[in-house]
Amino acid sequence: MLVLAFDTATAAVTVALYEWIPGEGAVPRGTAEAVDRRRHTELLTPSIAQVMAEAGAVPEDLSAIAVGVGPGPYTGLRVGLVTARAMGEALSVPVHGVCTLDIIAWATGRDEPFVVATDARRKEVYWARYDSARARATEPAVGPPSDVPEGLPVVGEGAALYPDVLGESGHEPLLPSAGALAELTVARLAGLKVPELLPPEPLYLRRPDAKEPGPRKKVTPA
């Protein structure tokens, strides 16, 4: 089983190719990481080509595609989802979505309760509470940092942006990793009890910043 995974729901453009090998688990075959809030479109396709070439694989070798579904800003998130769905249709392979907060949580490997918080802009964070790296306890939410439950460690870029509210240290990993996304997806497909896979549909939680223009105002003759 060869799984291509990528996430563009945050400032990170992260891509990984993992193979499931019985007895060994999920084995990395190629990775590419970049952080650029404004160049998701320009970076994603070359990054996919890079990891495929690194593994000596071609698109027809893929068994599945995994993509982060957010929550995240509209523009960046859309890039990953459109690419995943287009590739899945062209290759006739399944496309699985994973909550981006779950990806960060999985990478922590924590066994105790904690919170993941990412940057939602507008002085807000996307967040969810976890019982462990494998189990989310609440649905993803968006709001001011003060909404995040007190008394728990908080990881993610959102936490690092508001240390006065969410703590001064211990926020790593700040951004999602496609390696963690691929591991989680492969584990779920292999039948392990891990966070569920979702349809490849965006998890926005709020309306896009950009708005369609309204009707033109009528001008009253002087």
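Some points to look at:
- From the list ALA182, ALA137, ALA159, ALA141, the one residue that fits, being farther than 18 Å from PRO113 by Cβ and either surrounded by 16 or more Cβ atoms within 10 Å (Cβ to Cβ) or aliphatic (A, V, I, L, M) (or both), is ALA182.
- One residue from GLY76, GLY70, GLY25 being on the phi > 0 side of the Ramachandran plot and under 20 Å from the mean Cα position of the chain (by Cα): GLY70
- Residue identified as open to solvent by 10 Å² or more (accessible area, probe 1.4 Å), at pLDDT 95 or above and either assigned by the TED database to the domain that holds MET87 or charged (D, E, K, R) (or both) among ALA9, ALA26, ALA53: ALA53
- Elements of type strands (runs of 3 or more DSSP E) contained in the range 1-64, each with 3 or more residues being among the small types (Gly, Ala, Ser): 25-35
- ALA86 of a type in the set (Gly, Ala, Ser), under 20 Å from LEU198 (Cβ atoms) and free of Cβ contacts under 8 Å to residues at least 12 places away in the same chain: yes
The values are calculated or read from the model by the stated rules, or taken from the named source; none is laboratory data. As the structure is a computational prediction, the values presented were derived from the model and not from experiment. Cβ sites come from the backbone with ideal geometry, for glycine too, and all protein chains shown count toward neighbours. SASA here: full protein model, heavy atoms, side chains in, ligands and nucleic acids out. Shrake-Rupley method; radii C 1.70, N 1.55, O 1.52, S 1.80 Å.
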